[in-house]
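Let me begin by presenting the structure, written as C-alpha cells, before commenting on it.
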Amino acid sequence: MADLQTTIVSGFMERYTTLAGEVTKLAAPLSEEEFWRKPFPFGNSFGHLVLHVTGNLNYYIGAEIGATGYLRDREREFTETNYPGKKECLKKFEEAVDVVLKTLMAQSIDDWEKEYTAIGETDAKNRMTIFLRCATHLHHHVGQMLYLGYALKGEAAEEAAASGASK
C-alpha cells in the first residue's frame, strides 16, 4: 500500500497531466485565428485562457514554491494583443505544467503543511491548499476552453453553410 506522500504526489501529478492533455487536445483542431478569436462579446479567447493558466501555474506554484523567479503580469494574460503563435503559447503552458510536476516531486511530507501566502491567495494557508486550488482553477478553465471550442467550430460550420448557400 502506498504511503500518504506518494498518494498525494501521484494524485496531483495525474490530475495536472490529464488536464494539460485536455488543453492540448482541445486546442488541436483550432486554427491560429480561432485560437485567439473571442466568439462572444464577453469572456476570453482560448489563447488568452491558455496564457492565464500558464501565468497562474508559473506564479502560484513555480515562483512561490519552486522559486523559479517567474514574474507575473496577470492583466496582460487577458489583454495581450501581440499574440504569440498557438504552438509557442501551448509550449509555454506545457513548460508551466512541467514546473508544477517537478515542484510536486520535490515536496516532502512535511512541506504540504508549510505556510503559504501570495498575492491573490492570502488565505491559502498551506501548500496543499494552493496545489489543490491551482488544479481546480485549471479544471474550471478547461471547461471554458471546451465551450469555446464548440462555439468556434459552430461558427465555422455556420460560415461554411452560409457561403455554400450563397453559391
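Throughout, read-outs are computed from the coordinates displayed, never taken from laboratory work. A quick note: this is a predicted structure, and the numbers were derived from the prediction, not measured. Don't worry about glycine lacking a Cβ; one is built from the backbone with ideal geometry, like all the others, and counts go over all protein chains shown.
A helix-only calculation puts the chain at -21500 deg cm²/dmol for mean residue ellipticity at 222 nm, using -39500 (n - 2.57) for each DSSP H run of at least four residues, averaged over all residues. Helix 4-27 and the longest principal axis of the C-alpha atoms of the chain enclose an angle of approximately 10°.
Ranking L138, T6, G43 by Cα position along the charge dipole of the chain, where only Lys, Arg, Asp and Glu carry charges on their C-beta atoms, puts G43 farthest toward the positive end. Considering only G66, G43, G55, the Gaussian network model of the chain with Cα springs below 10 Å gives its largest mean-square fluctuation to G43. Please list the non-local residues whose amide H lies under 5 Å from the amide H of N126, H modeled 1.01 Å from N, same-chain partners needing a gap of 5 or more. Here Y116 satisfy the definition. Charges were assigned to the Cβ only: +1 to each Lys and Arg, -1 to each Asp and Glu. The resulting dipole of the chain about its Cα centre is roughly 280 debye. Local charge for L148 was computed over the other residues whose Cβ lies under 11 Å away, with Lys and Arg +1 and Asp and Glu -1, and equals +1.
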